[in-house]
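Engineer: One structure follows; several queries about it will come next.
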Amino acid sequence: MRFLPRLGLSAALAIAAFLSWRLLLQTPARSHRGDLAPKAEDSFTLTLDSFLHIQQLRKKRLRAFCSRAGKVTTLPSSKDERASLLSNLRVNTKLDLMYCQVPSTGVEEWNQLLEKLKEEKVTLPVPLPFRRLHTKETWLSKFNQTEIKAMLGSYTKVLFVRDPFHRLIATFLQGMGISSSFSSFIQEVLDSGMHNGSMAWKPLVSLCRPCLIQYDYVVMFGFLRQELGHLLRRAGLLEGSLLPELTDSQVQWTYRWLSEQMFSELSAQQKKQLSHFYHWDLAAFPFSNSFLSDHPSTAETWEK
């Protein structure tokens, strides 16, 4: 079955798309390896010890990737180079937080949470050894090299990650491409390449520079509520029932269905090209059960 233009989708797909867009959902089509991601079960409670263990494993995997991939690991002295490398990094100077701003990874929910913290007038009493801007929320690249280094050493740094194929589906359903079918949208992504494409679908490794930024937490979309709860408590920013209800893990069947159906619409060549396009992300992050990681070329190409 081929996908029809978005205006002509079947009722079932239209409902699924609406739910996906509304809830920004993501759930794995198959269960993740237990050592890298918590179980996606409503009754599952992520303990602090389990959360910290998962974080250690995710960061260990990321360090192994960086040691082999030859990515930038030091802050450039050139202002223009810094601006290019750090273009997606945002900082909250009131809460001493740094995070990578990439659509459909959980950052939307994170921004809502920061707004709630702002409403609750949550602050950190410990002064930092550099000036604070009047603007609470700004881009890291706005600071000079000395200030950036100080922030990298003192701020809580958070990276949100999501299966690249799920990011593509979310981008397509939100109408961010010009194509009317999913397969033609994927071709649009592939034709745009690494340098000319939208940040909505570029690989996270190229957008968030995890080999340069030593993130304190790698948070996986689909487990936001429990992971962010532990993260904010450890950062001294969460008290009581401040954490709002998050919906990213509540419609598993919808995304499972969408992933299977949409992946089947792609040609063998498109599947191979997508696996290569995202080979950095598939190697750096725990997406072992992504549809894209099933392609045999993935493990062979990321090191080249």
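The values are calculated or read from the model by the stated rules, or taken from the named source; none is laboratory data. From a predicted model like this one, the values you see are computed outputs, not experimental measurements. Here the Cβ is made from the backbone with ideal geometry for all residues, glycine too, and neighbour counts use every protein chain on show. Accessible surface is based on the protein model in full, side chains and every heavy atom, while ligands, DNA and RNA are left aside. Shrake-Rupley method; radii C 1.70, N 1.55, O 1.52, S 1.80 Å.
Engineer: Sum up the charges of everything whose Cβ sits under 9 Å from the Cβ of Ala235, counting Lys and Arg as +1 and Asp and Glu as -1, but leave Ala235 out.
Structural biologist: Charge balance near Ala235 sits at 0.
Engineer: While we're on this one: Taking the Cα centre of each part, how many Å lie between the stretch 205-233 and the stretch 146-167?
Structural biologist: 7 Å
Engineer: Leaving out ligands and nucleic acids, and using a 1.4 Å probe, what accessible area per residue does the stretch 132-230 come to in Å²?
Structural biologist: Result: 35 Å² of accessible area for each residue.
Engineer: Okay, moving on. Ranked from highest to lowest mean number of other Cβ atoms within 10 Å per residue, what is the order of the peptides 74-85, 141-152, 100-111, 156-167?
Structural biologist: 156-167, 100-111, 141-152, 74-85
Engineer: Between beta-carbons, use under 13 Å as the cut-off and find the net charge around Val218, counting Lys and Arg +1, Asp and Glu -1.
Structural biologist: +4
Engineer: Summing +1 for each Lys or Arg and -1 for each Asp or Glu, what net charge is found among the other residues whose Cβ lies under 14 Å from the Cβ of Lys157?
Structural biologist: Spelling it out: positives minus negatives among the neighbours equals +4.
Engineer: Next up: How much FRET efficiency would the formula 1/(1 + (r/R0)^6) give for Ala150 and Leu46, where r is the Cβ-Cβ distance and R0 is 41 Å, rounded to 0.05?
Structural biologist: Between Ala150 and Leu46 the formula returns 0.80.
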